[in-house]
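Data first, discussion second: the structure below is written as structure tokens.
None of the figures in this text is laboratory data; all of them are computed from the coordinates on show. For clarity, every value in this text was computed on a predicted model and none was experimentally measured. Here the Cβ positions follow ideal geometry from the backbone for every residue, glycine too, while neighbour counts run over all protein chains shown.
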Amino acid sequence: MDNLDRAILDLLRQNSRAGYGDIGSAVGLSASAVKRRVDKLVADGVIKAFTIQVDPAVDGMSTEAYVELFCRGTVAPDELQRILQGVPEVVYAGTVTGSADAIVHMRARDITSLEEALERVRIAPNVDHTRSAIVLSRLVNRNRD
């Protein structure tokens, strides 16, 4: 992957529907050269999907929280993944350093729905407790996946 590929990725992150010609004009390549590069990035697994981002407020999922997850004893990441994948309100989760075992980003319709989702996480046998912070306002929101 070179700087042209990175520039193409940056433009696609801004607008995954951008035309190859428009991207080519921005990076100094022909549309066909951009298409070849994008096809290779897809084939190599660099680009995993072309998708949309829906405003959570419009989608009815305007309540969001970051939740620290604390487990009993040592729990494998695969087990945490199994627990969290069963909760549709979980939009992101990762293991972390520090006192918590994982950090979880959740979105729900309202506080009641968030509380119900948190309870589904808390009743898992390996979960000791959680600590939540509800988001009041978004300051920066970059999608870098």
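For the chain, what Kirkwood radius comes out of the mean inverse Cα-Cα distance, in Å?
17.8 Å
Any idea how far apart LEU139 and ALA26 come out in nm if each label point goes 7 Å out from Cα toward Cβ?
Computed distance between label sites LEU139 and ALA26 equals 2.7 nm.
State the three equivalent ellipsoid semi-axes of the range 56-134, derived from the C-alpha gyration tensor as the square roots of 5 times its eigenvalues, in descending order and whole Å.
Over the Cα atoms of the range 56-134, the ellipsoid semi-axes are 22, 12, 11 Å.
Note the full-extension length gain between ALA49 and ALA7 as 0.36 nm times their separation in residues minus their Cα-Cα distance, in nm to one decimal.
Difference between extended and current length: 13.4 nm.
Give the long-range amide H neighbours of ALA102: residues separated by 5 or more places, or on another chain, with amide H under 5 Å away, using H modelled in the peptide plane at 1.01 Å from N.
Amide H to amide H, under 5 Å and 5 or more residues apart or across chains, ALA102 pairs with LEU69, VAL96.
Trypsin sites (Lys or Arg not before Pro), restricted to the range 1-50: which are DSSP loop and have at most 14 other Cβ atoms within 10 Å?
Sparse-neighbourhood loop trypsin sites (Lys or Arg not before Pro): ARG17, LYS48.
Which FRET efficiency, nearest 0.05, do SER113 and THR74 yield, Cβ-Cβ r, R0 22 Å?
Between SER113 and THR74 the formula returns 0.10.
May I ask you to give the average projected area over all directions of the convex hull of the Cα atoms of the range 87-132, in nm² rounded to one decimal?
3.2 nm²
Relative contact order for the chain: what percent, with Cα pairs under 8 Å and sequence separation of 6 or more?
For the chain, the relative contact order is 24 percent.
Give or take rounding to whole Å, what are the principal axis extents of the alpha carbon atoms in the range 3-44, in descending order?
Principal-axis extents of the range 3-44 (Cα, largest first): 24, 20, 19 Å.
Starting from 0.36 nm per residue, how many nanometres of slack lie between VAL42 and ASN126 once their C-alpha separation is accounted for?
Additional length available on full extension: 26.5 nm.
So what is the 222 nm mean residue ellipticity for the chain from helices alone, if each DSSP H run of at least 4 adds -39500 (n - 2.57) and you divide by all residues, rounding to the nearest 500 deg cm²/dmol?
-11000 deg cm²/dmol
The range 112-145 to the range 35-110: how many Å between their Cα centroids?
If you average the Cα positions of each part, the centres end up 11 Å apart.
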